[in-house]
Amino acid sequence: MAALLVMFYYARTAVKKEALAKSEAALDGMIQQIDNRLRAVEKASINIHWNVEHHVNEPATLQYLTRKMLDSNPSIVGCAIALDPSFCEDKDCQTLFCSYRGTDSISMSDHFGNRPYTEQEWYSLPYSTGEAQWSDPTIENLRGGYPIMGYSIPIRQHERVIGVFVSAISLEWLSHTIEAARPFPRTFCSLMNQSGTFIIHPDSSYLQARTIYEQLEEYPDQNLQQLTDVMLKGNTGHMSLTLYGAPSYVFYKPYRNTGWTANIVSMKSDVFDTYDRLLKRMILIMAGGMLVLLLYCSYYIHFQLRPLRMLDLSAQRLAAGHFDKPIADSYRKDEVGALQKSFRAMQRSLGRYLATIEQRKTVLDRQNDALRVAREKVREADRLKSVFVHNMTGQMVQPVTRINTLVDTISKEHDHLKHEEVAEMVNEMAEHTHSVTQLLDKTIEVSLNNQTVNPDDNTNT
């Protein structure tokens, strides 16, 4: 993405430079086109002008020369020879000879324009300066009132200016001839004189006498004001601004030494059309590539995580105590495969360990059961022994008491007792002693037997 952004940055810069260079070259081509057209008119006018100066006193020849000018040069729409009124001594003599190109044929006339020719710029300026020059555009009644522009050459006799020879061209024709110089479809070309009046413009409404400064007063635009000032100073360059509601580039350059300025207006969308089309295609390719990459990554990640998910489920089963279901073996050679193998080995080890624990638990359970039974038996034996000892003790009380009584009687009354009575008491004491001895022997025997079966006491009595 970073590489593409850098590439597009430099591509945009390169396209911009190429488009600007293309527009500048188109401006040079337009100037060359205009120069070629105007020089052709100048050359044709100079060729006829020589004959005019040699036949100023021949009205018929002068009229013929104006027609010949139109016959020889289809681009010229009007031609006139205007002599100084003071040159003609006869007030009724003709001083203006004019031919103009109609719709289907060439017509002759005794006037050129809507005003007296002496008041028109194409006559007054060359007559006063004595130099050939192009006049500013004007709206005349030639060819239905289309704007025209004339190349005027002073007519001299004896080094004195006595009239003016003018060849007029239609600005509509001149505009069409330079349309081929457009570098882009929506580009338009124009030519402006020193006063800010358009000489050439694709919109004929701009070819009026009204100057661009008057338009700026009505519709102020600081950028257009700045552009106009720069152009009319005779500078060369280009400027970016919003023109006619669209972002545009304006390229300008002075034309010859006339003070005119030629310019080309190109829409920014046209200048960057190649870049924009390339950008749209690349965005589609990038979007498609990112989608494919996303799908591939999603599939690849899913494929890579599948063993981990399986291990997670196995871990959950192990945590729940299910060790019987084996984990599938892995044929992968990466870390995930090693982890899966280790996990499988761990499950087997846990299974074996738990089986051993289960086996030992079973043995312990059996031993505990046996111990429990033995304990119960011991407790029962202890209870029986206590009962037995209690019974034995109860049985020994009477003989011991009797023995004690006999001993006490003999001890106190042996002087008064007869030998037979003492013997009888001794025999009775022996019998009771024998009874007590038998009871003690049984008690000892029972005690020894109970001690033998007691697992808690390994001491022999």
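The values are calculated or read from the model by the stated rules, or taken from the named source; none is laboratory data. Computed from a prediction, not measured in an experiment: that's the story for all the values here. Positions of Cβ are generated from backbone atoms using ideal geometry, with glycine treated the same way; all protein chains shown enter the neighbour counts. To get the accessible areas, we keep the full protein, side chains included, count just its heavy atoms, and leave off ligands, DNA and RNA. Shrake-Rupley method; radii C 1.70, N 1.55, O 1.52, S 1.80 Å.
Across segment 6-19, the number of residues qualifying as modelled with pLDDT under 80 and aliphatic (A, V, I, L, M) comes to 2. Determine whether segment 251-269 contains at least one residue that is open to solvent by 70 Å² or more (accessible area, probe 1.4 Å), touching a Phe, Trp or Tyr at 6+ places or on another chain (Cβ under 6 Å) and under 20 Å from Val15 (Cα atoms). No. Out of all the residues in segment 411-428, is one or more surrounded by 13 or more Cβ atoms within 10 Å (Cβ to Cβ), in contact (Cβ under 8 Å) with a residue 24 or more places away in the chain and of a type in the set (Val, Ile, Thr)? Within segment 411-428 (the criterion being surrounded by 13 or more Cβ atoms within 10 Å (Cβ to Cβ), in contact (Cβ under 8 Å) with a residue 24 or more places away in the chain and of a type in the set (Val, Ile, Thr)), the answer is no, since none of the residues qualifies. Counting only residues that are modelled with pLDDT under 85 and touching a strand residue (DSSP E or B) at 6+ places or on another chain (Cβ under 6 Å), segment 244-261 holds 3 of them. In segment 270-319, of all residues being of a type in the set (Ser, Thr, Tyr) and over 30 Å from Val250 (Cβ atoms), the one that is least open to solvent (accessible area, probe 1.4 Å) corresponds to Ser314. If the condition is being in contact (Cβ under 8 Å) with a residue 24 or more places away in the chain, under 18 Å from Ser240 (Cβ atoms) and either out of contact with any helix residue (DSSP H, G or I) (no Cβ under 6 Å at 6 or more places or on another chain) or open to solvent by 60 Å² or more (accessible area, probe 1.4 Å) (or both), then segment 1-17 contributes Arg12, Lys16. Remark: pairs (first residue in segment 54-78, without any contact (Cβ under 8 Å) to a residue 40 or more places away in the chain; second residue assigned to a loop (DSSP other than H, G, I, E, B); Cβ separation under 6 Å; 6+ apart in sequence or on different chains) = Pro59/Gln94; Thr61/His55. Regarding segment 168-176, can at least one residue be identified that is modelled with pLDDT of 85 or more, on the phi < 0 side of the Ramachandran plot and assigned to a strand (DSSP E or B)? Within segment 168-176, one or more residues are modelled with pLDDT of 85 or more, on the phi < 0 side of the Ramachandran plot and assigned to a strand (DSSP E or B). Comparison of Tyr127, Tyr117 shows that the only residue that is modelled with pLDDT under 90 and open to solvent by 10 Å² or more (accessible area, probe 1.4 Å) is Tyr117. Could we say that Asp382 is of a type in the set (Asp, Glu) and surrounded by 12 or more Cβ atoms within 10 Å (Cβ to Cβ) here? It is true that Asp382 is of a type in the set (Asp, Glu) and surrounded by 12 or more Cβ atoms within 10 Å (Cβ to Cβ).
Considering only residues in segment 63-86 that are in a helix (DSSP H, G or I), of a type outside the set (Ser, Thr, Tyr) and open to solvent by 50 Å² or more (accessible area, probe 1.4 Å), the one that is nearest to Thr118 (Cα to Cα) turns out to be Pro85.
If you go through segment 178-201 and keep only what is part of a helix (DSSP H, G or I) and buried (at least 17 other Cβ atoms within 10 Å of the Cβ), you end up with just Ala181.
The residues of segment 354-379 that are open to solvent by less than 80 Å² (accessible area, probe 1.4 Å) and touching a residue at least 24 places away in the same chain (Cβ under 8 Å), listed by number, are Leu354, Ala374, Val378. Residue count for segment 429-451 under the criterion of being under 30 Å from Ala381 (Cα atoms) and either open to solvent by less than 40 Å² (accessible area, probe 1.4 Å) or not polar (S, T, N, Q) (or both): the result is 14.
Scanning segment 226-241 for residues that are open to solvent by 20 Å² or more (accessible area, probe 1.4 Å) and either over 40 Å from the mean Cα position of the chain (by Cα) or hydroxyl-bearing (Ser, Thr, Tyr) (or both) yields Asp229, Leu232, Lys233, Gly234, Asn235, Thr236, Ser240. Please determine whether any residue of segment 353-370 is of a type outside the set (Asp, Glu), over 30 Å from Gly321 (Cβ atoms) and modelled with pLDDT of 80 or more. No, that holds for no residue.
Checking each residue of segment 402-409 against the condition of being in a helix (DSSP H, G or I) and within 28 Å of Leu448 (Cβ to Cβ) gives at least one match.
Restrict the check to segment 102-113 and report whether at least one residue is of a type in the set (S, T, N, Q) and either in contact (Cβ under 8 Å) with a residue 12 or more places away in the chain or under 22 Å from His176 (Cα atoms) (or both). There is at least one residue in segment 102-113 that is of a type in the set (S, T, N, Q) and either in contact (Cβ under 8 Å) with a residue 12 or more places away in the chain or under 22 Å from His176 (Cα atoms) (or both).
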